[in-house]
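Novice: Below is one structure. I have some questions about it.
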Amino acid sequence: MESSIHNLADEGMGRTPADDSLTYAYAYGSLLSPDLMQQPCPSATFVIKANLPNFEVQFRVASDTGLGGTSGIAAAPGGLVRGVIYSVQKNEVLDLDVLEGVPEGKYQKGQFLVLGDDKEWYEVNLYMPADPGDRIPPAPHYLDDMIAGARAHGLDADYTEKLVAWRRSLG
């Protein structure tokens, strides 16, 4: 199911891959980890660090292990979601949809504009909870993957430290 929630004021205004067989995917949660992203999308190639303004990361979906939550985004004026853009083969996106739980209604996919470190806007596929519940503490293993990905891509040091401190607080 495609999301009716999106932040594209003018459809098609962001940069897209020059190759029509590719699309952009935005990772802000566990798929920040290049190793995890390449499991459903072996073609995944890092493009650029990017931010989603006026949203924040929240944990409102129970992980498959039942040991905490997985990430999603929520509108938050003045907020900022840090992440990365990957280029992926369009034929691999269905595998990514399955991993994200789209067929089961766990997450939904939307088209968003994110601001790359080059100050250009990019049109990306982004996954968000389909039916967010109450906030729950993040699953420790999930946060570990986010931290590994943030470090692998050199995301903002303050942001990475915030993730590390959050992880320490979980024990």
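Novice: Given the Cα-Cα distance of S169 and T45 and 0.36 nm per residue of separation, how much length would full extension add, in nm?
Specialist: So the chain would gain 41.4 nm between S169 and T45.
Novice: Quick check: convex hull of the Cα atoms in region 10-75, volume per residue, rounded to a whole Å³?
Specialist: Taking the convex hull of the Cα positions in region 10-75, it is 127 Å³ per residue.
Novice: Can you compute the modelled spin-label distance between K119 and D64, with each label point 7 Å from Cα toward Cβ, in nm?
Specialist: 4.2
Novice: What full-extension length gain, to one decimal in nm, is calculated for S21 and D158 as 0.36 nm per residue of separation minus the Cα-Cα distance?
Specialist: Values: separation 137, 0.36 × 137 = 49.32 nm, distance 3.59 nm.
Gain in length upon complete extension: 45.7 nm.
Novice: What is the diffusion coefficient of region 62-149 in µm²/s, taking the Kirkwood radius over Cα pairs and the Stokes-Einstein relation at 20 °C with a viscosity of 1.002 mPa s?
Specialist: 147
Novice: Related question: Could the peptides 151-162, 98-109 be put in order, highest first, of the mean number of other beta-carbon atoms found within 10 Å of their residues?
Specialist: Sorting 151-162, 98-109 by mean packing, highest first, produces 98-109, 151-162.
Novice: Regarding the chain, what whole-number volume in Å³ per residue does the convex hull of its Cα atoms give? Let's see the in-between values first.
Specialist: Numbers: hull volume 19.6 nm³, N = 171.
Measuring per residue, one finds 114 Å³ for the Cα hull of the chain.
Novice: For a Förster distance of 25 Å, can you work out the FRET efficiency between the beta-carbons of D131 and N91, rounded to the nearest 0.05?
Specialist: Values: r = 28 Å, r/R0 = 1.13.
Approximately 0.35, to the nearest 0.05.
Novice: Working from the pairwise distances between different alpha carbons, so that the mean of 1/r is found and then inverted, what is region 104-169's Kirkwood radius in Å? Could the numbers behind the result be given before it?
Specialist: Values: mean 1/r = 0.0709 Å⁻¹.
Result for region 104-169 stands at 14.1 Å.
Novice: Once the Cα atoms of helix 157-170 and of the chain are each reduced to a long axis, what angle between those two axes, in degrees from 0 to 90 to the nearest 10, is obtained?
Specialist: For 157-170 against the chain, the angle is about 40 degrees.
Novice: Can you bin region 67-111 into rounded, prolate or oblate? Criterion: square roots of the alpha carbon gyration tensor eigenvalues sorted a ≥ b ≥ c, rounded for a/c under 1.5, prolate for a/b above b/c, oblate for the rest.
Specialist: Since a/c reaches 1.5 but b/c is at least a/b, the shape of region 67-111 is classed as oblate.
Novice: Moving to a separate point now. Which order results if S43, S30, S87, S21 are arranged by neighbouring Cβ count within 10 Å, fewest first?
Specialist: On the way: S43 14, S30 23, S87 19, S21 10.
By the 10 Å Cβ count, ascending, the order reads S21, S43, S87, S30.
Read the figures in this text as sums done on the coordinates, not as results from a lab. Note that the structure is predicted; figures quoted are calculated from it, not measured. Methodologically, a virtual Cβ is constructed for each residue, glycine included, from the backbone with ideal geometry; neighbour enumeration extends over all protein chains shown.
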